[in-house]
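Working notes, structure below.
Throughout, read-outs are computed from the coordinates displayed, never taken from laboratory work. Remember, predicted model here, so these are calculated numbers, not experimental data. Here the Cβ positions follow ideal geometry from the backbone for every residue, glycine too, while neighbour counts run over all protein chains shown.
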Amino acid sequence: MMALLVFRGKLRDFYGKYDAYLIPLIKLSLSLTVFFLINTNVGYMDKLKSPAVMAVLCVVCAFLPYGVMSFLAGAVLLAHISSVSLEMALILAVLMIMVAILYYGFQPGDSYLLLLTPIFFHLKIPYAIPLLVGLSGSLVSVVPVSCGVFLYYIIQYVKQNAGVLTNDASLDIIQKYTQVIRNMMSNNLMMVMMVTCAVGILVVYLIRMLSVDYAWHIAIVSGALAQLAVVFVSDFLFDVSVPMAELLVGTLVSMVLAAVYNFMIFAVDYSRTEYLQFQDDDYYYYVKAVPKITVSAPDVKVQKINSAKKKRREFYEQ
Amino acid sequence: MLNEEKIKLMTSIGLFEKREGRRIFPVNRFFRSDYIGRYLLKSFLGYTLCWMLGTALVVVYKAEDLLSAFDFSKIRGLAGWYGIGYAVGLGGYLLITCVVYWRRYEYASRGMKVYMAKLKRLEKRYEMQGRTGHGGKRL
């Protein structure tokens, strides 16, 4: 435990020292992952798939806010989808504009969730996102996470039906459009995952805000169980099939990730909790003070009393 | 001669400006009603645009049904419901806008008070320096 705490301290120091380089590096790797996933899943426009274009986009994203990265990723996604199905791209563009105006008009600064959610879904650990967002964000983060889920399933839909969307010449544009919307709305798995994420965020957020010992740990376990419960219930009600092994392993990995996050951000020692009571003219105060676990990294200094060079010089001088 | 306390104070003000400046200074240029009113208008326009876009999506989706069973009284009834839906949604969205920007204005006002207090302390330090004629403690 002590070694882990020391490691955490070193990591924090390292981040504090080199954050000017680390933040662009993190953004660069995130943008690289996002564009790579878009290209491998729905990369239907060859010009946009060229390494030069991708490199320029990633470098631009590394130095600009997450909002710009989301905008560029959205634009690239629309361009790829438009080369398969213009109707699909049109629907997606309208929905993106609506989310941008209605939600991002408030400038919440959590557009990175739009990018992270599909990535976590792709890595088969979708249950980690509600746990992490519930621990770190607020309840309104349900909106970008749900949009991220929607984007993931749209990408999957286009990937699986690219042939049908491109070659179906028997249908006119209105019929194609109607078919696309009907298929999107009848995707029960997408709806279930949206509800699962929303419930997960709600449960984790509400429990971690409670003034009880080990609130964050309880929140992680409860959030994971709540998500499992929603998936099981949906399985019975809407006949949604989620592979059992993937569900359980994904939940376990998600819990581990959430525990790591908890350790890095909120390591406190409940055994040394102190309770205070006092009052002023207007209020009575009941204060609960939980000390943070802080371990400073050992500062090892090696002082050489007799260096080899000096010794040798002294020897020759004699 | 360097004044350590003054440098600390100036650094703290600089950090405060960097961290909170974007959330505080643009807000305090307005009265509360003007600030919230501005965003209410923006929200009204944004919501109306989104409603129109959403309507266009739904109309194209339901185009065949609408054209095949063209009934003026039915369409008039639908338009009524459409109007009610728009008004209720708009009311809810404007309420959320009002709450969000009211809170932001409150936050910015409190932040501005803290900022002004820091500036006053710095000003006093300058006055003291002017009276004593030296920069204070030597580093």
Give me Rg/Rg_expected for the range A:84-264, where Rg uses Cα atoms only and Rg_expected = 2.2 N^0.38 Å with N residues. 1.12
Taking the Cα centre as origin and putting +1 on Lys and Arg beta-carbons and -1 on Asp and Glu beta-carbons, what dipole magnitude results for the protein assembly as shown, to the nearest 20 debye? 2580
10 Å binning of all Cα-Cα separations within the range A:230-276, expressed as whole percents from 0 upward: 21, 28, 23, 17, 9, 1
How big is the range A:25-177 by Rg and Dmax over its Cα atoms, in Å? 15.7, 50
For peptides B:88-94, A:143-149, sequence by mean Cβ density within 10 Å, most packed first: A:143-149, B:88-94
Per the charge dipole of chain A (beta-carbon charges, Lys/Arg positive, Asp/Glu negative, Cα centre), the residue among A:A100, A:A162, A:Y44 reaching farthest to the positive end is A:Y44
Just flag the chymotrypsin sites (Phe, Trp or Tyr not before Pro) in the range A:76-107 sitting in loop per DSSP whose Cβ has no more than 10 other Cβ atoms within 10 Å. none
Let me know the Kirkwood hydrodynamic radius for the protein assembly as shown, please, with Cα pairs as the basis and the value in Å to one decimal. 27.1
Select from B:G85, B:V114, B:Q129 the residue farthest towards the positive end of the dipole of the range B:4-132; place +1 on Cβ of Lys and Arg, -1 on Cβ of Asp and Glu, and compute about the Cα centre. B:Q129
Which of the aspartates and glutamates could a cross-linker span from A:K288 if the Cα-Cα distance has to be under 13 Å and same-chain partners fewer than 8 positions apart are dropped? A:D213, A:D269, A:E274
What does the average come to when, for each residue of peptide B:57-68, you count the partner chain Cβ atoms lying within 10 Å of its Cβ? 3
Positive end of the charge dipole of chain A (Lys, Arg +1 and Asp, Glu -1 on Cβ, about the Cα centre): tell me which of A:V302, A:G74, A:S234 has its Cα farthest that way. A:V302
List the lysines whose Cα lies under 28 Å from the Cα of A:K301, skipping any in the same chain that are fewer than 8 positions away. A:K10, A:K17, A:K292, A:K309, A:K310, A:K311
Let me know the Kirkwood hydrodynamic radius for chain B, please, with Cα pairs as the basis and the value in Å to one decimal. 20.0
Among B:W81, B:W102, A:W216, what is the fewest-to-most ranking by other Cβ atoms within 10 Å? B:W81, B:W102, A:W216
